[in-house]
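The structure appears below as C-alpha cells.
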Amino acid sequence: MSRAQRRDRRVYTRSHPLLFALLAAARHREVLRIGGTVLVNGTEPYRRALTRVPLDRTAAGTTGGAARRLSTGDALFDQEGAGHRDTRRELTEDLAAAGVERLRPVWRDSLARRLAPLGTGRTVDLVPLARELAGVTVSALLGTTADPETLARAAALAAAAAVRDHLPGPRPPGTRRAAAEATARLETLLRPHAGPGRAEGTALRAVLAVAAVNTTVAALPRAVAWCADARLWDQAADDRLRPALVEELLRVLAPSPLLPRAAAAPADLDGCPVRAGDRLLLVARHAARAHSAPPDAHHPAPPSVARLVFGAGPHTCPGARLARAQLDDTLAALAPHRPAVLRARVDRSAALPGWRSLTVRAAGDARPQDRR
C-alpha cells in the first residue's frame, strides 16, 4: 500500500504542488477560514455544505462561473432554478442503469482492442486507452458523429484551460483568453453534430457532459496503478469483491479532489460562520478520507462516505453510475494479465490530477522503470 500511496501522491505534488501543500497543511481542521475563503475538509461539514448551504452557481472562482464566462450559452453547472433541474433530470435519465447498459458495448469494444497487446507480451499505455474509452462513450451518449479521439482531446483542453482560469492564485498572462478559445473550439466541434431535434441549450449542456470525460482520463490509469502497486488484482478478478474495490478506488482517487463553490446566503459549518459571498473550497479528497484510509474491498467505507467524491444531495454527479461501470469493466479486463507499471509520467497541465502516460505490461514481463 505504501508504494501505491507514494506513486499516487505524485499526481498531486507534481501537477499542483502549491495547492496540494496548502490543502495538506490544513487538512486536520474540519473547517478553516482563511480571509474570505472557507476550507471544508470534514466529512459532515462537506456534506452539509452541498446539501444545506445555498450556493451561488455563477460566482467568480467557481466551476459555474467559469462555464458562464467561457461559454456562449446555458450549461449544467451555471443554470439556476427550473432550468438547472430540468437539465440535470435529462442527463440523469440518460445515465441511469438502462442508459449505462446501452453504452457498455461501446467501451467494452475499445477495452478488448486496446488491451489485446498484453496477451502477446507487449506494453499498453493506459492514458490513450482511457481517452478513447471516454471519447467513444460520450460520442455514443450524445449521438454525435464527431471523431471520439478529437472530441476527448478538445474536452481535455477546454477543461484544463477553464481550471487554470479559476484556480486560486495568480494566473499566467492570456489564461482567460486561452480558456475561452478552447471552449469555443469544443462548442464548434459539437454544434454541427448535435442530434436531430436537439435545442441549442441541449448542445451546450452536452459540452459540459463531454468535459466530464476528464474524470475518466484521470481516474482509470490511477486506479490501475493502485491495483498494480498494492497487489489488488485478486480482488479485481473476483466478481463478488470487484464492486466494492471499484467504490474504494474511486473514493481514494477522488477524481475531482477539490470543488470550488460560493455561498449565496449566511450559514454555519461546524461552528464556523459562513457569509454570503464567501468562497467555499470543498475538499472531496479529505471528506472521503482518501488521504488516510487506503482502499480495502474487504472492509470498505460506508457508501455515505465513499460516494462523497461524486457530491451529495442535489449536487450529486449524474455520471457516478457510468464511472463505476467503466472502472469495473476495465479492472475485469485487466485482472487476468496482472499488469505491472513500467513507466509513469505525471500530466502537469491537465484539469484533474492524473498521468500523462502510464505504461503497463503483463506480470512476468515487467521491469518497472518509473519516470517523472
Mind checking which pairs have a first residue in region 309-326 that is on the phi < 0 side of the Ramachandran plot and a second that is modelled with pLDDT under 90 and not aliphatic (A, V, I, L, M), Cβ under 6 Å, 6 or more apart or different chains? PHE310/THR316; PHE310/CYS317; PRO318/THR92
From the set of residues in region 277-306 that are over 17 Å from the mean Cα position of the chain (by Cα) and under 21 Å from ARG33 (Cα atoms), which is surrounded by the most Cβ atoms within 10 Å (Cβ to Cβ)? LEU280
So the check is Cβ under 6 Å with 6+ separation or different chains; which pairs have a first residue in region 94-113 that's touching a residue at least 12 places away in the same chain (Cβ under 8 Å) and a second one that's outside any helix (DSSP H, G or I)? LEU95/PRO318; LEU95/GLY319
Give me the pairs, please: first residue somewhere in region 236-248 and free of Cβ contacts under 8 Å to residues at least 60 places away in the same chain, second residue anywhere and buried (at least 24 other Cβ atoms within 10 Å of the Cβ), beta-carbon distance under 8 Å, and either six or more positions apart or on two chains. GLU248/PRO295
Among the residues of region 115-142, write down those that are within 20 Å of ALA325 (Cβ to Cβ), modelled with pLDDT of 90 or more and in contact with a His (Cβ under 9 Å, 6 or more places away or on another chain). LEU115
Just wondering, is there one or more residues in region 185-206 that are under 25 Å from ALA254 (Cα atoms), within 19 Å of the chain's Cα centre (by Cα) and either outside any helix (DSSP H, G or I) or at pLDDT below 75 (or both)? yes
Given the structure, is ALA265 in contact (Cβ under 8 Å) with a residue 60 or more places away in the chain and assigned to a loop (DSSP other than H, G, I, E, B)? yes
(1) buried (at least 23 other Cβ atoms within 10 Å of the Cβ); (2) modelled with pLDDT of 95 or more; (3) in contact with a Leu (Cβ under 6 Å, 6 or more places away or on another chain); (4) not charged (D, E, K, R) all hold for LEU322 apart from (2)
Pick from ARG33, ARG47: which is among the basic types (Lys, Arg), touching a strand residue (DSSP E or B) at 6+ places or on another chain (Cβ under 7 Å) and modelled with pLDDT of 90 or more? ARG33
Output yes when any residue across region 263-278 is under 24 Å from VAL138 (Cβ atoms), of a type outside the set (Val, Ile, Thr) and modelled with pLDDT of 90 or more, and no when none is. no
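The values are calculated or read from the model by the stated rules, or taken from the named source; none is laboratory data. As the structure is a computational prediction, the values presented were derived from the model and not from experiment. As a convention, Cβ positions derive from the backbone with ideal geometry for all residues, glycine included, and neighbour counts pool all protein chains shown.
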